[in-house]
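Notes to accompany the following structure.
Read-outs throughout are calculated quantities, based only on the coordinates presented, and are distinct from any laboratory measurement. The model shown is predicted, which means the values in this text are computed figures rather than measured ones. Note that we place each Cβ from the backbone using ideal geometry, even for glycine, and neighbour counts take in every protein chain shown.
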C-alpha cells in the first residue's frame, strides 16, 4: 500500500461539512495516472486518478461559477466561512 499525504482536512463551521483529500506520496512532479487521490466528503470516499480528480474539481468549479452567476448572494456562504470582511 502506497503512503498517502494529507492535502486538506477541514470542517465548514456553518454546516459541519467535513472534507479531506489525501494523495499518493511522490516526489515533486512525479505523480502519475496510476496513483490515487482519496477525496472524502463526510462519510463518502472517492478514489480517483489525478486526472479524474482534476476533472471533478473543474466540473465543481464550473458549477459553482454557474450558481454564483445566477445567485450572487450565495457568495456570503464563502465569505462567512472564512470570516472575510467585505
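Taken along the Cα-to-beta-carbon direction at a fixed 7 Å, the label points for residue 45 and residue 61 span 2.7 nm. Among 48, 39, 17, the residue with the largest mean-square fluctuation in a Gaussian network model of the chain, with springs joining Cα atoms closer than 10 Å, is 17.
With no solvent and one equal point scatterer placed on each C-alpha of region 1-46, evaluate the Debye formula and give log10 I(q)/I(0) for q = 0.22, 0.27, 0.32 Å⁻¹, two decimals. Debye output, listed in q order: -0.76, -0.97, -1.17. Expressed in Å, the radius of gyration and Dmax of the Cα atoms of the chain are 15.4, 46.
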